[in-house]
Every structure is written in structure tokens, then in C-alpha cells.
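The values are calculated or read from the model by the stated rules, or taken from the named source; none is laboratory data. Treat the numbers as computed from the prediction; the structure is a model and nothing was measured. Cβ atoms come from the backbone with ideal geometry, glycine included; neighbour counts cover every protein chain shown. Surface accessibility is based on the protein's heavy atoms, side chains included, excluding ligands, DNA and RNA. Shrake-Rupley method; radii C 1.70, N 1.55, O 1.52, S 1.80 Å.
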Amino acid sequence: MMKILKPKRNRFTYLVASYLLTVVLFVVAKAGFMLCQQSDFPVDAAEFCQVVAHGLSLDLSTSLYLILIPFVVTAISLWWHKGWRWLCLSLYLYHLITSIAMAIILVADASLYSFWHFRLNASMLDFLDNPSGITQSVSVGYLLLRLAAIALLSWGFCRFYLLFLPRQIRALPFRLRAANSVLQLLLCIPIVIG
């Protein structure tokens, strides 16, 4: 019987994995968007690679912003390791909320583009005054399929994020905590600069 690979769970691997996973999700979202629009706007592999390359710098900086909360929480855990249970719960909720938000944006953008022929932006906020206008031109089945996609993607995104979340952490000696704190402060620079 094949053993399932269990990732090593510590603060560092969790942060790196969260960052890389977010970048990968953004690239996969681009692929999913282009596949959904393939019938109206065919794209070949070379064009797809150009789109990914063009958007990669934005994906990398946005991914840094999305791990800012986990970064702060893991920094707090260096000094308050006994509160890891509560910190872990806050990270679980954070990943749940961001997973739902990313799934909604992905599904809404891919679904609405075929109607509007432009990507989601601030103009969508006009529809929040009258949300019934959004659903007037689509069937109930269309909406239910999108809601199911949002639920499935949210669940999948959240599961992947939580895969590397440490369940328990050990207390570090003072010197290691101080060194890790300095290292995290230095790592803040790319997050703030983006």
C-alpha cells in the first residue's frame, strides 16, 4: 500500500507553502479563466505563457500581501507559543475567508466575462445596489452551478492552505526566538515593498 506523503509542518514551511500555493492558485485561475472563454476567445499555449509571464509580477506581490496576516501570526507565535491553539484558529478563519473570496472572484470573473466582455473591476459595485439585476438574465441552474463551483473551490483552496499549518509548535530558546524575530523583520521588507 502506498504511503501518503506528509509535509513537514513548521512556521517556515507553512509561510513558504502558503506563498507558493497562492502564486500557483493565481496561475491556475488564469488558466481556468482562459479555458472558460476558449470558445469566444481562443488562446494558444504561447499566448497563455505570455499572459502568465505578464501577470506574474502582480501575482507575486499580491501573494505577499495575502500572507501578511499568517506572517504576523507566526511572528506572534514565536513569543506566545502557548497561545498557538488560538492563533491556529485565527489562521484557519483567515484561510477560510480568503479561500471563499478567491473562489467568488474566480467564478464571478469567469462567468460574467462572457456577458460583459470585460474583467471584474470597480464597475461591478454598481450592481450591489440592485443585485436582482445580476440574476435576471440567467437560469436558476446556471446560478446553482456557480454556487457549487464556489463552494468546491473554497473547500479545496482552504484544504490546501491548511495542509501545511502546524498543529503544534514547540517553544524555542530565547536566542532562536530573537534570531527568528530579526529574520522575520528582515523578511517584512519584501512584503511591505511588494
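Considering region 120-149, the residues that are surrounded by fewer than 12 Cβ atoms within 10 Å (Cβ to Cβ) and not in a helix (DSSP H, G or I) include one that is modelled with the highest pLDDT, namely S139. In region 107-115, the condition of being crowded, with 16+ Cβ neighbours inside 10 Å, farther than 16 Å from F26 by Cα and either of a type in the set (F, W, Y) or modelled with pLDDT of 80 or more (or both) is met by at least one residue. Taken together, the criteria place I104 among residues that are in contact with a helix residue (DSSP H, G or I) (Cβ under 9 Å, 6 or more places away or on another chain), open to solvent by 60 Å² or more (accessible area, probe 1.4 Å) and modelled with pLDDT of 85 or more.
Within region 17-36, residues that are among the basic types (K, R) have Cβ atoms under 9 Å from residues that are surrounded by fewer than 17 Cβ atoms within 10 Å (Cβ to Cβ) in these pairs: K30/F48; K30/V51; K30/V52; K30/G55, counting only partners at least 6 apart in sequence or on another chain. Counting only residues that are more than 24 Å from the chain's Cα centre (by Cα) and open to solvent by less than 60 Å² (accessible area, probe 1.4 Å), region 175-189 holds 5 of them.
Selection over region 50-69 of residues that are out of contact with any helix residue (DSSP H, G or I) (no Cβ under 7 Å at 6 or more places or on another chain) and among the aliphatic types (A, V, I, L, M) gives a count of 3. Report, by residue number, each residue of region 62-97 that is part of a helix (DSSP H, G or I) and open to solvent by less than 20 Å² (accessible area, probe 1.4 Å). S63, P70, F71, V73, T74, S77, L78, G83, W84, L87, L91, H95, listed by residue number.
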